[in-house]
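The values are calculated or read from the model by the stated rules, or taken from the named source; none is laboratory data. Keep in mind that this is a model prediction, so the values were computed, not measured. Quick reminder, even Gly has a Cβ in these numbers, built from the backbone with ideal geometry, and neighbours come from all protein chains shown. Surface accessibility is based on the protein's heavy atoms, side chains included, excluding ligands, DNA and RNA. Shrake-Rupley method; radii C 1.70, N 1.55, O 1.52, S 1.80 Å.
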Amino acid sequence: MFVDTEGSAGIHPSGLLLAGFAAGGVAAWATNPLETICTRLMTQASGGIVRYSGILDAFAQIHAAGGVTALFSGSLPRMIYCMPFSALHLAIYESCRQMLAPPSSERK
């Protein structure tokens, strides 16, 4: 279904879209705690009060205040944002790579 069976060794574009979609979702979810910490560090000075002294302090304070769920807050919107981009990125990259690659008889 997702493998091109017409003699080429490539993956069908729908398979590439699905793989990119899944990879983007996993990557967005797994890195969300770092994104949360980064966002809090960047926005802390807007009120004039410095709440966090660094990455580890921000992690400790966020975890103490809200637990693991606070670190993963905003995961769903971030996944919704990242998944379509990752799907298109992988599909376009692989399609271009296959079009620009030399024929298989010339490969070493």
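Observations on the model:
- Over region 15-107, accessible surface divided per residue gives 67 Å², non-protein components excluded, 1.4 Å probe.
- With Cα atoms defining each centre, region 9-46 and region 47-82 are spaced 16 Å apart in the structure.
- Counting only the Cα atoms, region 21-100 fills a convex hull of 112 Å³ per residue.
- With respect to the chain, whose longest principal axis is taken over its alpha-carbon atoms, helix 13-30 is tilted by about 20°.
- Dipole of the chain [Lys/Arg +1, Asp/Glu -1 at C-beta], most positive-end residue of His63, Ile92, Gln44: Gln44
- Helix 55-71 axis, angle to the chain major axis (alpha carbon atoms, nearest 10°): 80 degrees
- Rounded to the nearest 500, the 222 nm mean residue ellipticity of the chain from helices alone is -23000 deg cm²/dmol, with -39,500 (n - 2.57) taken per DSSP H run of at least 4 residues.
- Helix 75-100 and the long axis of the chain differ in direction by around 30°, with both axes built from C-alpha atoms.
- Percent accessible area from carbon and sulfur atoms, the chain, protein chains only, probe 1.4 Å: 69 percent
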